[in-house]
2 protein chains.
Amino acid sequence: MINILSRTKVFGGEHIRFSHESQVNNCTMTAAVFLPPQIRESQAPLLIWLSGLTCNDENFMTKAGAFRAAAELGLAIVAPDTSPRGEHVPDDPEGAYDFGLGAGFYLNATQAPWDENYQMYDYIVSELPDVLDEHFPVDTDNMSISGHSMGGHGALTIALKNPSRFQSVSAFAPICAPMDCAWGEKAFSNYLGDNEEDWAKYDTCALIEAGAPELPTLIDQGLADSFLEEQLLLDELEAVCEDTGYNAIIRKHPGYDHSYFFISTFIEDHIRFHWDHLRQA
Amino acid sequence: MINILSRTKVFGGEHIRFSHESQVNNCTMTAAVFLPPQIRESQAPLLIWLSGLTCNDENFMTKAGAFRAAAELGLAIVAPDTSPRGEHVPDDPEGAYDFGLGAGFYLNATQAPWDENYQMYDYIVSELPDVLDEHFPVDTDNMSISGHSMGGHGALTIALKNPSRFQSVSAFAPICAPMDCAWGEKAFSNYLGDNEEDWAKYDTCALIEAGAPELPTLIDQGLADSFLEEQLLLDELEAVCEDTGYNAIIRKHPGYDHSYFFISTFIEDHIRFHWDHLRQA
């Protein structure tokens, strides 16, 4: 069962916010779906969008400017929250922005107290598509995935671990090597414990290095992004792709930062990239 | 002198937030400008965007999705704040959203204590263009004006009172007859006093009825807008246009509400409408 929070017409389609009881995260989760105008004719191909640190389901839907191209083509989009939520859900003890609420890192936590709720990997891969299947006219057998920053990390790792589930993957300014940056080290050590073999299951560079199958991959990175050198580590991803022969389209954009102004500039390219790889109804 | 708060690349152009000391409003004002990529070649034609109740300079710039078309054409956009700001600026005694801070109604207040700061009409018509002239490569002799809700009221009344200053005017869900709705009655009685002759100087319907010169005018209204019947009163504007022969393009969109989802759907039409009436460099 889902609880519809709002339905709003946009670009001839519909933006629907809803909440539901998540079994895997053991809390109420909120998400938003864009349904294109063509939806009545058939089930729409689906793009899953994963947002970055501090975000919820609203940032992408209000700021990315994705609906014009999605409505034109007939692509549905879902934007889930970035972590479990609720008063009973544990948060960073100091309320930091980079861990706990708003910072689920799209993994399955194994360490107490986080393992009770922080199961965002299973949520994105299984539970959310099941909920969408049941309640919306979208085709979860015909999906692609994208995201920004922590959500770019989520999109890449989830796609690399489930290549048969996704037609294509893209990312804006992804955290490419979380094992090697402060954001990732803090999240992985707390959620997953000290064994770095467990970390490697959620690290894009490590997954490609270990031979993850290739799928169509597009990455955009702004060169004025203040997180690029310390946290995102695109250089490491480029080196791994070079070493392994993994074929990713990596575009670097002088002058662009880490914000939704950057995302909105190039989102249409991502929408059309995914559309070219999705089966068209 | 202006104080640059941020510069962000978007769609090949630049989004710049700045603050400056306003003489007319007697406070520090913040505004944002979008400069298109073509700006280096010549001064860009300018669209002034006026936002609605509770907004500041950020809502339009982050949510409207206006930059793609503006960048393509070479149109600059400025989004000022919706009222004076600051601890010394008086606000609604009960902190209501529809009066005081965030609700300047684009008029010159005549009543104490509001008249010390609430001079948004002079700010938009004179002071802001002067500041832009001095600090940005935009052509304030080649302007159009648009806005949403309270800002639609502002755009229409300012254009009707200054037809030689603007090439065209447009509005999303404007407050068409503020003299006849609760929002307008509260604002006008407090800012302007009890003489309704003073109110009529800031009422779109009254201005057209009194023979304001016609300029190219486009108005979009969603028919699922919950403010339409009680506050916006498009019916009154249609009747006045019919009576006077004022030729406005008025489009009604079934299913659309009062939000930026509505604005983002049709903003490109407004950008192109204004572009067709601006002198192209």
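Observations
- Inter-copy label distances for B:ASN195: 8.3 nm (label point placed 7 Å from Cα along Cα→Cβ; shortest first).
- Carbon and sulfur %, accessible surface of the protein assembly as shown computed with the full protein complex present, 1.4 Å: 45 percent
- Pairwise burial B:A, computed as accessible area of each alone minus the pair, summed, 1.4 Å, Å²: 1700 Å²
- Within chain B, DSSP assigns beta bridges of which about 50% are antiparallel (rounded to the nearest 5).
- When the range A:110-177 is reduced to its Cα atoms, the Kirkwood hydrodynamic radius in Å: 12.9 Å
- Potential lengthening between A:GLU58 and A:ASN190 on full extension [0.36 nm per residue; Cα-Cα distance subtracted]: 44.8 nm
- Sorted shortest first, the separations between the B:ASP235 label point and its copies elsewhere in the assembly read 6.8 nm; each point sits 7 Å from Cα along the Cα-to-Cβ line.
- Relative contact order of the range B:2-272, pairs being alpha-carbon contacts under 8 Å that are 6 or more residues apart, as %: 17 percent
- For the range A:2-135, the antiparallel share of DSSP beta bridges with both residues in that region comes to about 90%.
- If you look at the Cα atoms of the range B:1-138, you get an Rg and a Dmax of 15.2, 50 Å.
- Loop-located GluC sites (Glu not before Pro) in the range A:93-133 whose Cβ has at most 14 other Cβ within 10 Å (DSSP): A:GLU94
- With 10 Å bins beginning at zero, the pair-distance distribution over Cα atoms of the range B:200-281 amounts to 16, 41, 37, 6, 0 %.
- With respect to the axis relating copies A and B by rotation, the chain A residue whose beta carbon is closest, plus that distance in Å, is A:GLY65, 2.
- Distant-in-sequence amide H partners of B:HIS258 (H built 1.01 Å from N, under 5 Å): B:SER226
- Label spacing, shortest first and in nm, from A:ILE249 to its equivalents in the remaining copies (7 angstrom along Cα→Cβ): 3.4
- Inter-centroid distance (Cα atoms) of the range B:67-109 relative to the range B:168-235, Å: 17 Å
- Counted over all Cα-Cα pairs of the range B:2-78, pairs farther apart than 17 Å make up 46 percent.
- Restricting the calculation to Cα atoms, every distinct pair contributes to the Kirkwood radius of the range A:156-219, found to be 12.2 Å.
- Here, the range B:77-224 is characterised by an Rg to Rh ratio of 0.95, where Rg is the alpha-carbon radius of gyration and Rh the Kirkwood radius.
- For the range A:2-277, the per residue solvent-accessible surface stands at 36 Å², with DNA, RNA and ligands left out and a 1.4 Å probe.
- With 5 Å bins from 0: P(r) over the range A:2-277, alpha-carbon pairs, percent: 1, 6, 14, 18, 20, 18, 13, 7, 2, 0, 0
- Compactness index (Cα Rg / 2.2 N^0.38 Å), the protein assembly as shown: 1.03
- Members of A:LYS252/B:LYS252; A:LYS161/B:LYS63; A:LYS161/B:LYS9; A:LYS252/B:LYS63 lying beyond 32 Å, as alpha-carbon distances in this model show: A:LYS252/B:LYS252; A:LYS161/B:LYS63; A:LYS161/B:LYS9
- Cα-only radius of gyration and Dmax that characterise the range B:58-155, units Å: 14.9, 46
The values are calculated or read from the model by the stated rules, or taken from the named source; none is laboratory data. Only a predicted model underlies this, so the values are computations on that prediction, with no experimental measurement involved. All Cβ positions, even for glycine, are placed from backbone atoms using ideal geometry, and neighbour counts span all protein chains on display. Quick note on the areas: whole protein, heavy atoms, side chains included, nothing else; ligands and nucleic acids left out. Shrake-Rupley method; radii C 1.70, N 1.55, O 1.52, S 1.80 Å.
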